[in-house]
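Written below as structure tokens is the structure these notes are about.
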Amino acid sequence: MSGTITDRVLAMAGIVQACRCVQQIARHGMTDADALTASINSLFVTEADTTEAVYGGREKLLPGLRLAKKLFDNKQDTESVEVMRYCLMVIQLERSLMKRPAMLAQVGDGIDNARSQAEHFSTTHSNVLANLAGLYTDTISELNPRIMVNGDQVHIGNSENVNRIRSLLLAAVRSAVLWRQKGGTRLQLIFTRKRYLNEINRIIGELD
């Protein structure tokens with residue numbers, strides 16, 4: 001499946017946004033509720049006509065787009081460097097997952113199960129997040145590289161936060177799959193950073 005630079009930028013923003021939510025929960029015990037919801041919702045949208053529809057509209061990706069702008073413009077600070085590390089590991093995990101068709105099918109079945117559960121509760125209900133977190137633990141967490149999330153032990157020792165973090169990592173991998181489907185490659189992140197940055201700036205300019 002091919003895509004445009006816009007498709008790739010939006011999917012990349014999806015990766016960045018989910019990873020940023022992971023970092024905020026691990027460090028502070030909380031994150032932007034709308035950003036988290038957009039990330040989790042993307043897990044359940046598999047028949048979207050457009051990339052932005054996966055996230056409920058490109059405006060739902062504004063936090064991810066703004067942080068991606070810093071990353072692609074080489075204006076990182078300590079926190080954004082950590083998010084970049086998570087993102088790169090997620091992209092590696094996506095490659096590992098694609099080489100395991102049985103596990104990929106297991107992930108798909110697990111998301112279908114969680115979707116049915118979400119219809120009775122909500123996509124971010126604690127029961128749904130526990131289900132998604134368990135799915136991540138049983139599948140993707142077994143792959144390399146294993147993502148070790150840094151944070152305050154008070155927060156990462158909380159079971160509900162752990163479920164949110166693992167669900168968000170699953171959502172990040174989902175965005176990485178979409179990014180790859182739309183033509184994204186790791187070489188682009190090295191050699192076409194300027195093109196990504198220009199498109200990020202264009203989209204942010206339209207949304208602001």
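Which one of Ile165, Ser126, Val90 has its Cα pushed farthest toward the positive end of the charge dipole of the range 83-176, where Lys and Arg give +1 and Asp and Glu give -1 at the Cβ? My answer, from the dipole projection, is Val90. Between 0 and 90 degrees, rounded to the nearest ten: what's the tilt of helix 193-207 against the longest Cα principal axis of the chain? Around 80 degrees separate the two axes.
The charge dipole of the chain, taken about the Cα centre with unit charges on the Cβ atoms of Lys, Arg (+1) and Asp, Glu (-1), comes to about 840 debye, rounded to the nearest 20. Volume per residue for the range 97-167 equals 77 cubic angstrom (convex hull of Cα atoms). The accessible-area ordering, largest first, of the residues Glu206, Glu79 stands as Glu206, Glu79, per a 1.4 angstrom probe.
For the chain, what is the accessible area per residue in Å², given a 1.4 Å probe and the full set of protein chains?
Numbers: 9830 Å² over 208 residues.
In whole numbers, the chain has 47 Å² accessible per residue.
Computed 3J(HN,Hα) for the range 98-106, one whole-Hz value per residue from the Karplus formula 6.51 cos²θ - 1.76 cosθ + 1.60 where θ = phi - 60°, is 5, 8, 10, x, 5, 5, 4, 5, 5, glycine and proline marked x. Taking Ser39, Ser116 and ordering them by how much accessible surface each has at a 1.4 Å probe, largest first, produces Ser116, Ser39.
The accessible-area ordering, largest first, of the residues Lys70, Lys194 stands as Lys194, Lys70, per a 1.4 angstrom probe.
Compute the long axis of helix 62-72 from its Cα atoms, compare it with the longest principal axis of the Cα atoms of the chain, and write down the angle in degrees, 0 to 90, nearest 10. Helix 62-72 sits roughly 60 degrees off the main axis of the chain.
State the dimensionless ratio Rg/Rh of the range 7-69 (Rg: radius of gyration of Cα atoms; Rh: Kirkwood radius).
Numbers: Rg = 11.1 Å, Rh = 11.5 Å.
Dividing the radius of gyration by the Kirkwood radius yields 0.97.
Under the criterion of Cα pairs below 8 Å and six or more residues apart, the relative contact order for the range 18-130 equals 24 percent.
Dipole magnitude for the range 129-184: computed about the Cα centre from +1 point charges on Lys and Arg Cβ and -1 point charges on Asp and Glu Cβ, it is near 300 debye. Set against the labelled values (1) 16.8, 50; (2) 15.8, 46; (3) 18.5, 53, Rg and Dmax of the Cα atoms in Å computed from this structure falls on (2). Once C-alpha pairs closer than 8 Å and six or more residues apart are averaged by separation and normalised to the residue number of the chain, the relative contact order reads 39 percent. Measure off, as a whole percent, the carbon and sulfur share of the 1.4 Å-probe accessible area of the chain, all protein chains present. Reported share for carbon and sulfur atoms: 51 percent.
Take the alpha-carbon positions of the range 138-184, form their convex hull, and give its projected area averaged over all directions (one quarter of the hull surface) in nm². Before the final figure, lay out the partial values.
On the way: hull surface 15.5 nm².
For the range 138-184, averaging the hull's shadow over all directions gives 3.9 nm².
Tell me the mean residue ellipticity at 222 nm calculated for the chain from its helices only (DSSP H runs of n ≥ 4, each -39500 (n - 2.57), averaged over every residue, nearest 500).
Numbers: 11 runs with 151 residues, N = 208.
Result for the chain, helices only: -23500 deg cm²/dmol.
The values are calculated or read from the model by the stated rules, or taken from the named source; none is laboratory data. Computed from a prediction, not measured in an experiment: that's the story for all the values here. Heads up, the Cβs are rebuilt from the backbone with ideal geometry, glycines too, and the neighbour counts pull from every protein chain shown. All accessible areas refer to the heavy atoms of the entire protein, side chains included, with ligands and DNA or RNA removed. Shrake-Rupley method; radii C 1.70, N 1.55, O 1.52, S 1.80 Å.
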